[in-house]
1. Could you tell me whether segment 75-83 includes any residue that is open to solvent by less than 40 Å² (accessible area, probe 1.4 Å) and under 20 Å from residue 123 (Cα atoms)?
2. Would you check which residues across segment 61-74 are under 17 Å from residue 27 (Cβ atoms) and open to solvent by less than 40 Å² (accessible area, probe 1.4 Å) and list them?
3. Only one of (1) closer than 24 Å to residue 16 by Cα; (2) of a type outside the set (S, T, N, Q); (3) surrounded by fewer than 21 Cβ atoms within 10 Å (Cβ to Cβ); (4) modelled with pLDDT of 95 or more fails for residue 103. Which number is that?
4. Counting only residues that are of a type in the set (Lys, Arg) and part of a loop (DSSP other than H, G, I, E, B), which one in segment 1-44 is surrounded by the most Cβ atoms within 10 Å (Cβ to Cβ)?
5. Exactly one of these conditions fails for residue 110: (1) open to solvent by 50 Å² or more (accessible area, probe 1.4 Å); (2) under 17 Å from residue 39 (Cβ atoms); (3) in a helix (DSSP H, G or I). Give me its number.
6. So, in segment 48-60, exactly how many residues are open to solvent by 20 Å² or more (accessible area, probe 1.4 Å) and either free of Cβ contacts under 8 Å to residues at least 40 places away in the same chain or β-branched (Val, Ile, Thr) (or both)?
7. How many residues are surrounded by fewer than 19 Cβ atoms within 10 Å (Cβ to Cβ), in a helix (DSSP H, G or I) and at pLDDT 85 or above when one looks only at segment 125-150?
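The values are calculated or read from the model by the stated rules, or taken from the named source; none is laboratory data. Model, not experiment: these values are computed from the prediction. With ideal geometry, Cβ positions are generated from the backbone for all residues, glycine too; neighbour counts draw on all protein chains shown. Heavy atoms of the whole protein, side chains included, go into the accessibility calculation; ligands, DNA and RNA do not. Shrake-Rupley method; radii C 1.70, N 1.55, O 1.52, S 1.80 Å.
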Amino acid sequence: MHNLLHPGLMVNSLYDINPEELKQKGIRGVIFDLDNTIIPWGTSEMCPQITEWIRNLLNAGFKISLVSNNKQRRVQEIAERFDIPFVARACKPAKTGFRQAVAAMNLNMDQVAVVGDQLFTDILGGNRLGLFTIWVLPLSSREFIGTKIHRFFEKLAVCLLFSKNDRPRKK
């Protein structure tokens, strides 16, 4: 279970992800979680800096897709801003949504990274398929009630599975 919950990279924010390092690892596509990864939960407002960061990834030649457990309309609204494919109601950590996103980007599994804020959905789901996983701290403490329950178990898993120096933390 430890390997399935251990991300390939842990960062405090999206801005700590180095696109050149991803390219060196052979990564050509990035699957992003939506809520609390690229937009705060419960809003459609995207920080201009994150919008710019994602556009820079696209301009650098990366393919991007969204995979979210959220509703179709909400995920589609964000995906259309960037003209990228998406999977809504993905039932993460199920493999199906991740597979669909990889196929939509026309890439191989070893060419794709998953970026998300939750161990038990984003990281577990990506690791189950052998994708490179990047765990980012959530943008906001506001969350869906189900996510709050997951966070309790996430904190427990972090204490049990990660050394103190390996744990991501806010700056």
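1. Step one: list which residues in segment 75-83 are open to solvent by less than 40 Å² (accessible area, probe 1.4 Å), which gives 75, 78-79, 82.
Remaining after also requiring under 20 Å from residue 123 (Cα atoms): 75.
Within segment 75-83, one or more residues are open to solvent by less than 40 Å² (accessible area, probe 1.4 Å) and under 20 Å from residue 123 (Cα atoms).
2. Filtering segment 61-74 for residues under 17 Å from residue 27 (Cβ atoms) gives 61-67.
Scanning segment 61-74 gives 62, 64, 65, 66, 67.
3. Of (1) closer than 24 Å to residue 16 by Cα; (2) of a type outside the set (S, T, N, Q); (3) surrounded by fewer than 21 Cβ atoms within 10 Å (Cβ to Cβ); (4) modelled with pLDDT of 95 or more, only one is false for residue 103: (1).
4. Here is the first cut: in segment 1-44, the residues of a type in the set (Lys, Arg) are 23, 25, 28.
Filter again for part of a loop (DSSP other than H, G, I, E, B), leaving 25, 28.
Values: 25: 13, 28: 18.
The qualifying residue surrounded by the most Cβ atoms within 10 Å (Cβ to Cβ) is 28.
5. Against the list (1) open to solvent by 50 Å² or more (accessible area, probe 1.4 Å); (2) under 17 Å from residue 39 (Cβ atoms); (3) in a helix (DSSP H, G or I), residue 110 comes up short only on (2).
6. Keep residues of segment 48-60 that are open to solvent by 20 Å² or more (accessible area, probe 1.4 Å), which gives 48-49, 51-53, 55-56, 58-60.
Filter again for either free of Cβ contacts under 8 Å to residues at least 40 places away in the same chain or β-branched (Val, Ile, Thr) (or both), leaving 48-49, 51-53, 55-56, 58-59.
Matching residues across segment 48-60 total 9.
7. The total comes to 1.
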